[in-house]
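All remarks here apply to the structure that follows.
The values are calculated or read from the model by the stated rules, or taken from the named source; none is laboratory data. Given the structure is predicted, the values throughout are model-derived calculations rather than measurements. Note that each Cβ is placed from the backbone with ideal geometry, even for glycine, and that neighbours are counted across all protein chains shown. Ligands, DNA and RNA are excluded from the accessible area calculation, which covers all protein heavy atoms including side chains. Shrake-Rupley method; radii C 1.70, N 1.55, O 1.52, S 1.80 Å.
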Amino acid sequence: MNHQKLIIEGGRRLQGEIAVQGAKNSLLPLLAATVLCDGVATLHNCPRITDADAAFRILDCLGCKCCRECSVVTVDAAKMANNQVPEALMQEMRSSIVFLGAILGRCGSCRWSTPGGCELGPRPIDYHVESLKQMGVEVVQEAGYMNFTAPKGIRGAKIALPFPSVGATENVMLAATTAEGVTEIHNAAREPEITDLAEFLNKCGARIAGAGGSTVVVEGVPKLSGAEHTVISDRIVTATYMCCAAITRGELLLSRTKQDDLSPILPLFRKMGCSVYTYDKDKIYINARKALRAPGKIVTHVHPGFPTDAQAPLMALTTVLPGTTIFEENIFESRYKHAAELGRLGAKINVRERIAVVEGVPRLSGAKVSSTDLRGGAALVTAGLACEGITTVGEIQHIDRGYEAIEDALRSVGAKIIRK
Ligand code: EPZ
């Protein structure tokens, strides 16, 4: 299948306004949560991204009625007739695992293919499985599959996650929402997307407290109604466009942002020499016309630390900042695949296990490069904006998973970029 590519003529300063899309990593668990609703759920601010399309296909296979009108999605799970996600869809999108907790909460059983790896390294689900087992779920492994059943129903439990896993926290919340009794999740993930999921579930009648903190308490309720909810703004897309502004020494106004979610990131741009202002409720203005410098050390952490998803776009920016930047990637095992591709553009990056050392170079030169994963692809586009000459970014299906029409957004603020 011939995959599309983005062709970028670098060297143009970005200037203008971009309205930031809704968050992919909030929309996916929200769509899974609609499986628990016995009424219509309406979600606003849904981005047009292929991961959302994959989630819609999963809901369709489960017998839920999904409709999209522009950025509004309605899901009616009242007539849900099936508890089986097709294997092809499980493989297509690793994060489909978040449907497991919701399907178990609704149907009490589900079969899931044993996850392999993905472009970020192994994507185990042991925290998910061990937590569900503590809630009365039985798991029988057979060739390549795991059969989940809850013969005595799902019951609340005291869960201590070995690591504040985003997906495991979401899966336990979803399974616990209609379980018998109270579930406590200790060492829960604190990402903003967890809080967004809890807010939606509570609008549907759930009883969830503490989301956004390290201990989340879920009191099981018999059933959930539908509700109306607006998906939060995508903090990683916001950070990506800030990197695009900075690498072109331009200035951007980003609207429809969720400013608080950028608290681990805004100080970094100021440290590099950018002027960054937040105003109204949802606007972030960045001006990078002054000379910028390398930020020093970037260490990825769980929220509220620096987010791993912003590591690749930020690395692209640091390749042309004078000085040395040291990245330490603590969340995923191999999340530096974009470094070699950035090297093809002239970047000087040395990777050893979880450490990547970037020596800033005066300029990058356009070349043919290939997206390795979602955020790695976004990093290549970011770098292409600053390259001398033409950069062709291939395999952009990775980018389309999480960025809504990235070329339209960038062209609207002065980039010379076309999709082919
Ligand atoms: C979510 O993935 C996000 N995806 C990721 O965003 C994000 O990078 C990640 O959280 C961390 O913030 C969605 O929300 C759809 P984890 P998730 O469980 O839930 C290990 C993007 O670019 N682990 O917090 O899969 C795991 O291997 C994507 O938008 C286990 O060992 O992340 C990883 O090393 C990429 N066992 C670490 O924990 C488990 O059972 C963090 O994973 C689960 C996870």
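Before moving on, here are some points about what is shown:
- At full extension, V299 and A160 could sit 47.5 nm farther apart than now, given 0.36 nm per residue minus the alpha carbon distance.
- Per DSSP, loop trypsin sites (Lys or Arg not before Pro) in region 230-281 with at most 13 further Cβ within 10 Å: K281
- Percent accessible area from carbon and sulfur atoms, region 138-249, protein chains only, probe 1.4 Å: 51 percent
- Cα long-axis angle, helix 235-247 against the chain (0 to 90 degrees, to the nearest 10): 0 degrees
- Förster radius 30 Å - calculated FRET efficiency between D260 and S412, Cβ distance, rounded to 0.05: 0.70
- Most simply put, the chain has about 70% antiparallel DSSP beta bridges, counting only bridges with both residues inside it.
- Once the C-beta distance of Q397 and K133 is scaled by a Förster radius of 56 Å, the resulting FRET efficiency is 0.95 to the nearest 0.05.
- Here region 142-172 is scanned for amide nitrogen atoms under 11 Å from the site 7 Å beyond the Cα of A209 along Cα-to-Cβ, giving none.
- Remark on region 159-224: hydrodynamic radius 11.2 angstrom, per the Kirkwood mean of 1/r across alpha carbon pairs.
- In the context of the full set of protein chains, residues of the chain present 38 Å² of accessible surface per residue (probe radius 1.4 Å, heavy atoms only).
- Tally of Lys pairs whose C-alpha atoms are under 21 Å apart, taken over region 232-314, 8 or more apart or cross-chain: 6
- Built amide H within the under 5 Å cut-off of S370, gap 5+: G394
- Taking region 302-335 and a reference point 7 angstrom along Cα→Cβ of R352, the backbone N atoms nearer than 16 Å belong to 325-329.
- Residues in region 159-192 that a label on E219 would reach, taking backbone N under 13 Å of a point 7 Å out along Cα→Cβ: 181-183
- Length gained on full extension, C118 to E17, computed as 0.36 nm times the residue gap minus the Cα-Cα distance: 32.9 nm.
- Shape category assigned to the chain from the gyration tensor of Cα positions, a/c cut at 1.5: prolate
- Dipole axis of the chain (+1 Lys, Arg; -1 Asp, Glu on Cβ), positive-most option in L62, A102, L31: L31
- For region 278-333 versus region 39-112, the gap between their alpha-carbon centres in whole angstrom: 33 Å
- Between 0 and 90 degrees, the angle of helix 166-177 with respect to the longest Cα principal axis of the chain falls at about 30 degrees.
- Length-normalised contact order for the chain - Cα pairs under 8 Å, 6+ apart - percent: 21 percent
- Base-10 log of normalised Debye intensity for region 171-273 (one unit scatterer per alpha-carbon) at q = 0.20, 0.25 Å⁻¹: -0.96, -1.28
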